[in-house]
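One structure is given below, encoded as structure tokens.
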Amino acid sequence: MAVETEAPAAPELALADTNINWDRLDKTRFHVIGAILFTAQSALLHPTAVVKTRMQVAGSGFSHMRGVSVFAHILKNDGIPGIFRGFGTSAIGSLPGRVLALTSLEISKDIMLKYTERFNMEEATRLGIANGVAGMLSNLVSCVYYVPLDVVCQRLMVQGLPGTTVCNGPLDVVHNVIKAEGIRGLYRGFGLTAVTQTPASALWWGTYGSAQHIIWRSLGYRDDVEKKPSHFEMMAVQAVAGMVAGACSSVITTPIDTVKTRLQVLDNCGAGRPSVMKTTKALLQEDGWRGLYRGFGPRFLNMSLYGTTMIVTYELIKRLSVKQH
């Protein structure tokens, strides 16, 4: 009886199905299920983003505090709404961007996997390259949408801190920014984001693709053998690979994220329009090289948890969205 129950599920758990390509997905189910699960995931991680952002802002009084202490301070003074500032704007605003990002990611990865078949290279390398290029292209496409959203959300997160403008909701933020600087104000940090986050996205997806392949092989799994992973093993391997990718990315990208955050949220930065060089110099003057790693703890936690939960969620969405024959 147990054999009869497990037999139909075997094809869904084949090792080859850890890489479900774009052609096999029901696109409507993929985006609807993705919207629901990714919004839930974002809700769980949003407080770490609020803590990280507040620690990175000059004059906030939080820059030299531990992440846990900052979290407790926000919770004590602002309650639950305080640690979820900007979440509604982020969650709703991210829906179109997520469709754009995931579609471009899957299509470009599928193209690269087919293209690299002609080359004689290790499978881990091939998967790393295909995932890395897909992550890079997906990030480039989505930057145009996400940078203004990021500017608005981060300004909502730091309401009331020195150097920031008080706004009544996301529309007021947009109005104030455009009034002061025009459309270009919504794209503060765009060049920095595109130039740095694109390689970071390539690193994340490339590391994930290679790490997952290496872990499966080290556990004795191959595409051409009968041995198939269980649901738990599949989730565990993908979680570990995602955590490794997230941890690597956070170490490399935190200094850039600190400069970008400061650049995007402050209005009162002295004479002239804030720039990357002025912001970096201010950070170095305030706290030396350590200043570039403000908020590293929460960011490391955020990216590691995000890498783990995002990829497990993402792979689950893909398995749930496979076309029914």
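For Phe71, are the conditions met, namely being in contact (Cβ under 8 Å) with a residue 24 or more places away in the chain, surrounded by 15 or more Cβ atoms within 10 Å (Cβ to Cβ), aromatic (Phe, Trp, Tyr) and touching a Lys or Arg at 6+ places or on another chain (Cβ under 9 Å)?
Working: in contact (Cβ under 8 Å) with a residue 24 or more places away in the chain: yes; surrounded by 15 or more Cβ atoms within 10 Å (Cβ to Cβ): yes; aromatic (Phe, Trp, Tyr): yes; touching a Lys or Arg at 6+ places or on another chain (Cβ under 9 Å): no.
Against the criterion (in contact (Cβ under 8 Å) with a residue 24 or more places away in the chain, surrounded by 15 or more Cβ atoms within 10 Å (Cβ to Cβ), aromatic (Phe, Trp, Tyr) and touching a Lys or Arg at 6+ places or on another chain (Cβ under 9 Å)), Phe71 does not qualify.
Run down Leu127, Leu156, Leu203, Leu186 and say which single residue is within 22 Å of Gly82 (Cβ to Cβ) and among the aliphatic types (A, V, I, L, M). Quick ask: steps written out before the conclusion?
Working: Leu127 fails: within 22 Å of Gly82 (Cβ to Cβ); Leu203 fails: within 22 Å of Gly82 (Cβ to Cβ); Leu186 fails: within 22 Å of Gly82 (Cβ to Cβ).
Just one listed residue meets the conditions, Leu156.
So if I check each of Ala101, Ala200, Ala91, which one is at pLDDT 85 or above, buried (at least 18 other Cβ atoms within 10 Å of the Cβ), of a type outside the set (Phe, Trp, Tyr) and on the phi < 0 side of the Ramachandran plot?
Details: Ala200 fails: at pLDDT 85 or above; Ala91 fails: at pLDDT 85 or above.
Result of the check over Ala101, Ala200, Ala91: Ala101.
If Thr39 meets every condition in (1) surrounded by 14 or more Cβ atoms within 10 Å (Cβ to Cβ); (2) among the polar types (S, T, N, Q); (3) over 30 Å from Lys281 (Cα atoms); (4) at pLDDT below 85 apart from one, which number is that one?
Looking at each condition in turn, Thr39 falls short on (4).
When residues of the stretch 228-255 are filtered for being of a type in the set (Lys, Arg) and either surrounded by fewer than 16 Cβ atoms within 10 Å (Cβ to Cβ) or modelled with pLDDT of 85 or more (or both), how many remain?
Selection size over the stretch 228-255: 0.
If you check every pair at least six apart or on different chains, which have Cβ atoms under 8 Å apart with a residue in the stretch 231-256 that is under 20 Å from Tyr221 (Cβ atoms) first and a residue that is modelled with pLDDT of 85 or more and not in a helix (DSSP H, G or I) second?
What qualifies is Glu233/Leu219; Val237/Leu219.
Which residue is surrounded by the fewest Cβ atoms within 10 Å (Cβ to Cβ), if the candidates are limited to the stretch 292-308 and must be among the small types (Gly, Ala, Ser) and under 20 Å from Phe62 (Cα atoms)?
So in the stretch 292-308, the residues among the small types (Gly, Ala, Ser) come out as 295, 297, 304, 307.
Among the residues that remain, those that are also under 20 Å from Phe62 (Cα atoms) are: 295, 297.
Details: Gly295: 25, Gly297: 19.
Selected residue: Gly297.
Being of a type in the set (A, V, I, L, M) and at pLDDT 90 or above is the filter here, so list the residues in the stretch 114-131 that pass it. Show your work before the answer.
Of all residues in the stretch 114-131, those of a type in the set (A, V, I, L, M) come to 121, 124, 127, 129-130.
Once the filter is applied, which keeps residues that are of a type in the set (A, V, I, L, M) and at pLDDT 90 or above, the stretch 114-131 yields Ile129, Ala130.
Any residue that is among the basic types (Lys, Arg), in contact with a Gly (Cβ under 9 Å, 6 or more places away or on another chain), in contact (Cβ under 8 Å) with a residue 12 or more places away in the chain and within 30 Å of Tyr208 (Cα to Cα) - is there at least one of those in the stretch 83-98?
Yes, there is a match, as at least one residue in the stretch 83-98 is among the basic types (Lys, Arg), in contact with a Gly (Cβ under 9 Å, 6 or more places away or on another chain), in contact (Cβ under 8 Å) with a residue 12 or more places away in the chain and within 30 Å of Tyr208 (Cα to Cα).
If you go through the stretch 256-273 one residue at a time, do you hit one that is modelled with pLDDT of 75 or more, under 15 Å from the mean Cα position of the chain (by Cα) and surrounded by fewer than 18 Cβ atoms within 10 Å (Cβ to Cβ)?
no
Before we move on, is Thr280 modelled with pLDDT of 80 or more, part of a helix (DSSP H, G or I) and closer than 15 Å to Leu45 by Cβ?
Numbers: modelled with pLDDT of 80 or more: yes; part of a helix (DSSP H, G or I): yes; closer than 15 Å to Leu45 by Cβ: no.
When the stated conditions are applied, Thr280 does not pass them.
The values are calculated or read from the model by the stated rules, or taken from the named source; none is laboratory data. Keep in mind the model is a prediction, meaning the values are calculated, not measured. No Cβ is skipped: glycine too gets one built from the backbone with ideal geometry, and neighbour counts run over all protein chains shown.
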